[in-house]
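Colleague: The structure under discussion is supplied below as structure tokens; questions concerning it will follow.
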Amino acid sequence: MLSINLINTYRIPQTFEYYRPRSLREALELLNAIENAKVIAGGTDLVVDLKYRRVTPRALVDVSGLSELKFVKAGDSYVEIGSATTIQELAENGAVRRYLPLLAEAAELFGSWQIRNLATIGGNLCNASPAADTAPPLLAHDAELELASLSGSRVVPLAKFFAGPKKTVLERGEILRSVRVPVHRRRAGWSFIKVARTSFDLAKVSVAVLLSLDGNTVADVRIALGSVAPTPVRARTAEKHITGASFEEAVALAPELVAREIAPIDDVRSTARYRLEVAKTVVRDAMRRAYERFFRVGVEV
Amino acid sequence: MYDFIGKRFPRHDGFIKAAGLAEFTFDVEVPGMLYGRIFKSPYAFAKVGRIDTSLAESMGAVVLTPDDVPDVLFNPRLVSIEEDTFKDWRVLTKTPRYVGEPIAAVAAPTEDSAQRALEALRVEFEEVYEPILDPFEATSPGARQIHARIMRGRRWVEVRSNVGAELRYSEGDLEAEERRSSVIVDRRFHVPRRYHAQLEPKGAVCKIEPDGTLTAWTTTQTIHNTKIMISQVYGIPMNRIDVRKVPIGGGFGSGIHTNLVTLIAVGLCLKAGRPVKLVLTREDDMVHDHVSFEFYMRIRAGATREGEITFGEMENTVDMGAHQVQAYPLLGASLGWFVSLYKWRALRYYGRAVYTNKVPSCAIRGYGAPEVTWAVETVVDEMAEELKMDPVEFRLKNYRGRGEIFWGQGPTVRSVIRSDGVPELMAKCSELIEWKKRGDPKSKTGRFRRGIGVGRGFHTSGAGGPLSGAVIDYSGAIVKLNEDGTVDYITALQDHGGGTLDAHAKIIAEELKVPPSRIRIVWSGTATTVYDVCTHASRGVFVGGEAARRAAAEVRRKILEYAARMLDAVNPEALRVTYDKELDDAVIFVEGAPEKRISLGEVARIAWQRNWGSISASVSYRATVAPPSFTVYFVEVEVDTETGVVRPIRVVAGADVGTVISPELAAGQLHGGFAIGWSWATGDEVVYLRDGTPAHRLSMTDYKIPTVLDLPDDENFTVVFASTHEPFGPFGAKGLGESASNPVVAAVANAIYNAIGVRFYEIPITPERILRALKGGG
């Protein structure tokens, strides 16, 4: 454990180089040239890590000013979001609100006004916290990430992006360029529910549900959870099991099935037992809310 | 009937705070200033060997070690008389007794170089002991002694079984009262340590003036006690120290004592011969500097079948951490709150404060009253239920009200209650919340269950009384008329941000009939003010405000003398004073003689021009009573029985504060009091890991307090003021600060019981605990 005398949150008690590139290409060149360089966007996670010396980079490459990474594009089959788009921009963006209300709902519940205006979607994902608020909605949407590097770019499904708490498959020299969310033009109801100690807190449990029905039969369902496993997770077995069932049957079965796919722990915010118990309740709640919305305001996703 | 009291005026510091212009300790810059950092013990209980300062010094830093500070034992809290002050602190220690205890300090020209110098210190630990974190373990046979001996006043006392202070008290024939009781409730309660979460972390800036005197700016609730503390530790005469009053970002009790940071800053400044700024980070402040006391209480109480309370017995083990910030008066105050809540015909009390290897505990809003009130109000609710009596009626029948003796701050602070708004508040508030419709917990079903609870309490208004007692409590005020008729108000009394000094300005305004806008509240220091003990004990308006009123009354008397000469009146008694809206000034006149009138501005100008001399008054005031300000909370909550999450639905907050001087600020105190109480009831808890490290190491990420979004909005928060008048208060006013939060935990806990039928004897009542109680899981 870090000695308490090394922590000084009035300062960043370490030195590093700081670069503010003018283009994504320049940012990639810097990352390539400098060993142990970190990308910084909003800094809401990274600056805290720097203060506590959990990371000790030689250089920071600041991408928060890159207009190439700040956009929301609604195409025919996907919505693409630049990685430096702030959470508040997501919450207010017309296309996000229209096509991805599940993500907009999570963005609205994200931290405080101050945090939402600094934090970015890319930073939230790359920090790879199990509690990342944008992760469950994006997992539910089968989002893909475009990772750029000097040698080109590759596309990784978000579900394969997280490698553990605070770990991703990003390789040296790579920057998350954008998040692509497929849109199938299928009517769906949605719900993101977060249980936290206060309204400005990380989740103890969060659940995102996307639900399409055929009459009263579950035609398609996606359930993703945060803060209940080493990474944000999709409950795929549960989803498979309840697809084709009547909604009432699905809602009765889902909680116990989901519980088998998560592995919560004790921490300063809550206990494993509480998380397990409440995850079940919140899955049920989120399914019911998604169901109501499907009939009331269902969107095409 | 009043021109200014009860009316709304802009706060004197409102604009500068909203605009970010107010200069707090952190903002004080002195040319040539060094920045300090403290070397904190990483161990909860250890013995320091050699401290190698050479590397840090070679980097240009000034290093302060235990050998550089006077070997003086002290207690940082100076509110009690010396014979009752328990001393076990040193400025820097070679025997750290909690994680974070200061061992050394550095000062360097920049914040970064100070941090580097801190990291360059080499501190050897000769021994590291297993920390004792539990008070019952600490008192068990064979436990290592955390302190072998300490000082009480000027004499040494041995510490046995790690019990640092004890208090016993009894009254009446307890066994006889017990025999005639038909209901007896016996419960144990636990209240954990909580962090104050005041807006501003502690800090100090010190400077040696060219003439050798010391100036200090610091985040204190009491500038004069800080001056005395510095004098006691460093042996500097008090007239060579000027502690300046600067705005503070709240305190909630964490600045009643002189925070160690101030004494370390003085040491660094003296050694360096340069100004020093030493400000704690939020993490230093909340993880290592101060927390509330932790209470383990047992309450046993009885009542007759007719609903008359018979006896009350209380055991109180207080975990005070590694040093005393005056736990002894806390034991007395806790007893006082217990005694004053209900008319126990017999009572017995045993309190003890126990050392553990944790951050020293200090006062937090209410000084034991929220904790004792929660325990007693729970027991009282249970007795009423067993007797099948309405809890409101049961309380009204048994509480201590008008004519009874009230203990303002422990056994030596007693006076008779003269103003009592409890019946009025109970009637009005219970009707507003629809108390009669609250229903029985057994009848409530479904996932979301609502419940309504009541909590009644009070706080003292200061710690004054007819006899001197064990608590120091008096205040001072200087009011001075300028040559244009404007007024300077000079006081040592600190305003925590709640608007206490705006209340004083209105009191002076009312006495003189000049508008508050013509009264300047002067930022002053110990050199230019007379003694005020501290802004604590909800005494700011009742004691400090009365000192201001008396100084203003003296100024008024002198104004009338001058005006009588100017207007050719037979004597000052012939004159009347009124506020003239058009002139926006006081006007002095002879009744029935319209030509005989003169503005205060003119009086001041003429007195100056004719060499009559300045008008001013300096007052030192001791209150001979400490009246209770009663509060009554009715709270409606909703419990989600599936997640254990509790939401506040509606709050009706009733307060008997006598005359309400600033209704909107007083209502603000009740909103804030509810917020802190809600936090204690449902969330606040400082937990320690086995090695003595606080579990909330990451500060505000780990430790949460409710935000405005977690609390009821204005529409669902009703404030009711009683129509009382306190004969000893300035224009009939009493205190408010702490009574605003004291019964909140009780009301919330009783509301949760009313919703789900489960009593909790440990706070916070977290969703995890609720779920465990309901489902056995969580």
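Colleague: Just to be sure I understand, how many residues within segment A:13-30 are within 14 Å of chain B (Cβ to nearest Cβ) and either of a type in the set (Asp, Glu) or surrounded by fewer than 19 Cβ atoms within 10 Å (Cβ to Cβ) (or both)?
Modeller: Counting residues in segment A:13-30 that are within 14 Å of chain B (Cβ to nearest Cβ) and either of a type in the set (Asp, Glu) or surrounded by fewer than 19 Cβ atoms within 10 Å (Cβ to Cβ) (or both) gives 3.
Colleague: Within segment A:204-219, does at least one residue satisfy the condition of being β-branched (Val, Ile, Thr), over 30 Å from residue B:679 (Cβ atoms), in contact with a Ser or Thr (Cβ under 6 Å, 6 or more places away or on another chain) and touching a residue at least 60 places away in the same chain (Cβ under 8 Å)?
Modeller: Among the residues of segment A:204-219, at least one is β-branched (Val, Ile, Thr), over 30 Å from residue B:679 (Cβ atoms), in contact with a Ser or Thr (Cβ under 6 Å, 6 or more places away or on another chain) and touching a residue at least 60 places away in the same chain (Cβ under 8 Å), which makes the answer yes.
Colleague: Step by step: first the residues of segment A:247-265, then only those that are assigned to a loop (DSSP other than H, G, I, E, B) and not small (Gly, Ala, Ser), then the one that is farthest from the other protein chains (Cβ to nearest Cβ). Which residue is that?
Modeller: Among those that are assigned to a loop (DSSP other than H, G, I, E, B) and not small (Gly, Ala, Ser), it is A:261.
Colleague: Looking at (1) in contact with a Phe, Trp or Tyr (Cβ under 9 Å, 6 or more places away or on another chain); (2) surrounded by 15 or more Cβ atoms within 10 Å (Cβ to Cβ); (3) closer than 20 Å to residue A:5 by Cα, which one does residue B:120 not meet, given that it meets all the others?
Modeller: The one condition residue B:120 does not meet is (1).
Colleague: Further, regarding this structure: Look at segment B:91-113 and say how many of its residues are more than 9 Å from chain A (Cβ to nearest Cβ), under 34 Å from the mean Cα position of the chain (by Cα) and in contact (Cβ under 8 Å) with a residue 60 or more places away in the chain.
Modeller: 11
For every residue, the table says whether it meets (1) surrounded by fewer than 23 Cβ atoms within 10 Å (Cβ to Cβ); (2) farther than 20 Å from residue B:667 by Cα.
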position: B:504; (1), (2): no, no
position: B:508; (1), (2): no, yes
position: B:515; (1), (2): yes, yes
position: B:540; (1), (2): no, no
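Colleague: What is the residue count in segment B:571-597 for residues that are polar (S, T, N, Q) and either without any contact (Cβ under 8 Å) to a residue 40 or more places away in the chain or crowded, with 17+ Cβ neighbours inside 10 Å (or both)?
Modeller: Residues meeting the conditions: 1.
Colleague: Might you check whether a residue that is of a type in the set (Asp, Glu) and either farther than 24 Å from residue B:710 by Cα or not assigned by TED's automatic domain parsing to the domain that holds residue A:175 (or both) occurs anywhere in segment A:70-87?
Modeller: There is at least one residue in segment A:70-87 that is of a type in the set (Asp, Glu) and either farther than 24 Å from residue B:710 by Cα or not assigned by TED's automatic domain parsing to the domain that holds residue A:175 (or both).
Colleague: So, one more: Report the residue count in segment A:31-55 for those that are more than 14 Å from every other protein chain (Cβ to nearest Cβ) and surrounded by fewer than 20 Cβ atoms within 10 Å (Cβ to Cβ).
Modeller: Qualifying residue count, segment A:31-55: 8.
Colleague: With the requirement that a residue be surrounded by fewer than 23 Cβ atoms within 10 Å (Cβ to Cβ) and either outside any loop (DSSP other than H, G, I, E, B) or of a type in the set (D, E, K, R) (or both), what does segment B:399-425 give you?
Modeller: Correct list: B:399, B:400, B:402, B:404, B:405, B:414, B:415, B:416, B:418, B:423, B:424.
Colleague: Mind listing whichever residues of segment A:189-209 are basic (Lys, Arg) and at the interface with another protein chain (Cβ under 7 Å from one of its Cβ atoms)?
Modeller: Within segment A:189-209, A:197 is the sole residue that qualifies.
Colleague: I want to confirm something. Restricting to segment B:264-298 and keeping residues that are of a type in the set (A, V, I, L, M, F, W, C) and surrounded by fewer than 23 Cβ atoms within 10 Å (Cβ to Cβ), which single residue is nearest to the chain's Cα centre (by Cα)?
Modeller: B:270
Colleague: Given the criterion in a helix (DSSP H, G or I), surrounded by 21 or more Cβ atoms within 10 Å (Cβ to Cβ) and at negative phi, identify the matching residue among B:553, B:548.
Modeller: On inspection, the qualifying residue turns out to be B:548.
Colleague: Report yes if residue B:708 is touching a strand residue (DSSP E or B) at 6+ places or on another chain (Cβ under 7 Å) and either at pLDDT 95 or above or at the interface with chain A (Cβ under 9 Å from one of its Cβ atoms) (or both), otherwise no.
Modeller: When the stated conditions are applied, residue B:708 does not pass them.
Colleague: Could I ask something else about it? Before we move on, is residue B:20 over 30 Å from residue B:692 (Cα atoms) and not basic (Lys, Arg)?
Modeller: yes
Colleague: Could you list all residues from segment A:1-12 that are more than 9 Å from chain B (Cβ to nearest Cβ) and among the aromatic types (Phe, Trp, Tyr)?
Modeller: none
The rows are residues; the columns are (1) over 30 Å from residue A:296 (Cα atoms); (2) modelled with pLDDT under 95; (3) acidic (Asp, Glu).
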{"position": "A:99", "(1), (2), (3)": "no, yes, no"}
{"position": "A:130", "(1), (2), (3)": "yes, no, no"}
{"position": "A:141", "(1), (2), (3)": "no, no, no"}
{"position": "A:156", "(1), (2), (3)": "yes, no, no"}
{"position": "A:183", "(1), (2), (3)": "no, yes, no"}
{"position": "A:193", "(1), (2), (3)": "no, no, no"}
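Colleague: Which of the numbered conditions does residue A:287 fail, given that it passes all the others? Conditions: (1) touching a strand residue (DSSP E or B) at 6+ places or on another chain (Cβ under 7 Å); (2) more than 14 Å from every other protein chain (Cβ to nearest Cβ); (3) over 30 Å from residue B:689 (Cβ atoms); (4) not basic (Lys, Arg).
Modeller: (2)
Colleague: What strands (runs of 3 or more DSSP E) completely inside segment B:123-197 contain at least 1 residues that are closer than 30 Å to residue B:702 by Cβ and not β-branched (Val, Ile, Thr)?
Modeller: B:163-171, B:183-191
Colleague: Run residue B:772 past the list (1) touching a Phe, Trp or Tyr at 6+ places or on another chain (Cβ under 9 Å); (2) more than 9 Å from chain A (Cβ to nearest Cβ) and report the number of the one that doesn't hold.
Modeller: Result: residue B:772 fails condition (2) only.
Colleague: When segment B:208-220 is examined, which residues are found to be assigned to a strand (DSSP E or B) and touching a helix residue (DSSP H, G or I) at 6+ places or on another chain (Cβ under 7 Å)?
Modeller: Within segment B:208-220, B:208, B:214, B:216, B:217, B:218 meet the criteria.
Colleague: Report whether or not residue A:84 is within 18 Å of residue A:62 (Cα to Cα), in contact (Cβ under 8 Å) with a residue 40 or more places away in the chain, in contact with a strand residue (DSSP E or B) (Cβ under 6 Å, 6 or more places away or on another chain) and assigned to a loop (DSSP other than H, G, I, E, B).
Modeller: yes
Colleague: In addition: Which of (1) under 28 Å from residue B:641 (Cβ atoms); (2) under 25 Å from the mean Cα position of the chain (by Cα); (3) touching a residue at least 12 places away in the same chain (Cβ under 8 Å) is the odd one out, the single condition residue B:734 does not satisfy?
Modeller: That leaves (1) as the condition not met.
Colleague: Against the conditions (1) touching a residue at least 24 places away in the same chain (Cβ under 8 Å); (2) surrounded by fewer than 21 Cβ atoms within 10 Å (Cβ to Cβ); (3) over 30 Å from residue A:13 (Cα atoms), where does residue A:65 fall short? Just the number, please.
Modeller: (3)
Colleague: Could you say whether any residue in segment A:266-288 is surrounded by 19 or more Cβ atoms within 10 Å (Cβ to Cβ) and part of a strand (DSSP E or B)?
Modeller: No, that holds for no residue.
Colleague: Considering (1) over 29 Å from residue B:543 (Cβ atoms); (2) in a helix (DSSP H, G or I); (3) within 40 Å of the chain's Cα centre (by Cα), say which one residue B:605 fails and leave the rest.
Modeller: (3)
Colleague: Now a separate question. So residue A:137 clears everything in (1) more than 18 Å from residue A:38 (Cα to Cα); (2) assigned to a strand (DSSP E or B) except one condition, right? Which one?
Modeller: It fails just one condition, (2).
Colleague: Hey, another quick one. Please identify the pairs in which a residue from segment B:707-726 that is under 15 Å from residue B:6 (Cβ atoms) has its Cβ atom under 6 Å from the Cβ atom of a residue that is among the acidic types (Asp, Glu) and crowded, with 19+ Cβ neighbours inside 10 Å, counting only partners at least 6 apart or on another chain.
Modeller: What qualifies is B:722/B:656; B:724/B:656.
The values are calculated or read from the model by the stated rules, or taken from the named source; none is laboratory data. In this text, all values refer to a predicted model and were calculated from it rather than measured experimentally. So basically every Cβ, Gly included, is an ideal-geometry build from the backbone, and we count neighbours across all protein chains shown.
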